[in-house]
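Colleague: First the structure, which I've put down as structure tokens, then a few questions once you've had a look.
Taken together, the values in this text are just the output of simple stated rules run on the coordinates, not laboratory data. All values reported here derive from a predicted model rather than from experimental measurement. So basically every Cβ, Gly included, is an ideal-geometry build from the backbone, and we count neighbours across all protein chains shown.
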Amino acid sequence: MKELNAMTFSEETNKELPTVVDFWAPWCGPCRSQTPILEQFASKYSGKVNVGKVNVDENPDLAQKFGIMSIPTIMVFKGGEVAARAVGVQSLEHLTKLAGL
């Protein structure tokens, strides 16, 4: 899982594979609950999907650009475009569906 910021975001979300991005913050309890699920997802689908995290406190411009109002927010990008979005803690099964795997 990569930490994404304004400089790396476009490059990481424009890849051939779908990119699942977790918008989060360290102080957010549900975000901390989402992290091990995302790590399991990234491991299970290694080579089929990219997974990244955006700390909204450190990257407020990205949070604003994508209209992040609640965290965690999971977004799936395909070819640089938003393909799916979900708010709140997502199960491994739901992450799999969101990413189209």
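Colleague: Tell me which chymotrypsin sites (Phe, Trp or Tyr not before Pro) from region 4-76 have a DSSP coil assignment and no more than 12 other beta carbons within 10 Å of their own.
Modeller: W27
Colleague: Report, in debye and to the nearest 20, how large the dipole of the chain comes out about its Cα centre when Lys and Arg carry +1 and Asp and Glu carry -1 on their Cβ.
Modeller: 300 debye
Colleague: Quick check on region 1-41: take the gyration tensor over C-alpha atoms, sort the square-rooted eigenvalues as a ≥ b ≥ c, and tell me if it's rounded (a/c under 1.5), prolate or oblate.
Modeller: Judged from the Cα gyration tensor, region 1-41 comes out oblate (a/c at least 1.5, b/c at or above a/b).
Colleague: Subtract the Cα-Cα distance of S70 and T35 from 0.36 nm times their separation in residues, and report this length gain in nm to one decimal.
Modeller: The S70-T35 span can extend by a further 11.0 nm.
Colleague: Taking every alpha carbon pair in the chain, what does the distance histogram look like in 10 angstrom bins from 0, in percent?
Modeller: 17, 57, 26, 0
Colleague: If amide hydrogens are placed 1.01 Å from N in the peptide plane, which non-local residues have theirs closer than 5 Å to the one on A83?
Modeller: V76, F77, K78
Colleague: Could I ask something else about it? Write out the trypsin sites (Lys or Arg not before Pro) in region 17-60 meeting two conditions: DSSP loop, and at most 15 other Cβ atoms within 10 Å of their Cβ.
Modeller: Here the sparse-neighbourhood loop sites are K48.
Colleague: Right, something else. Quick one: Karplus J couplings for region 32-46, per residue in order, coefficients 6.51, -1.76, 1.60, θ = phi - 60°, nearest Hz, x for Gly and Pro?
Modeller: For region 32-46, the Karplus curve yields 5, 5, 6, 4, x, 5, 5, 5, 5, 4, 4, 5, 5, 10, 4 Hz.
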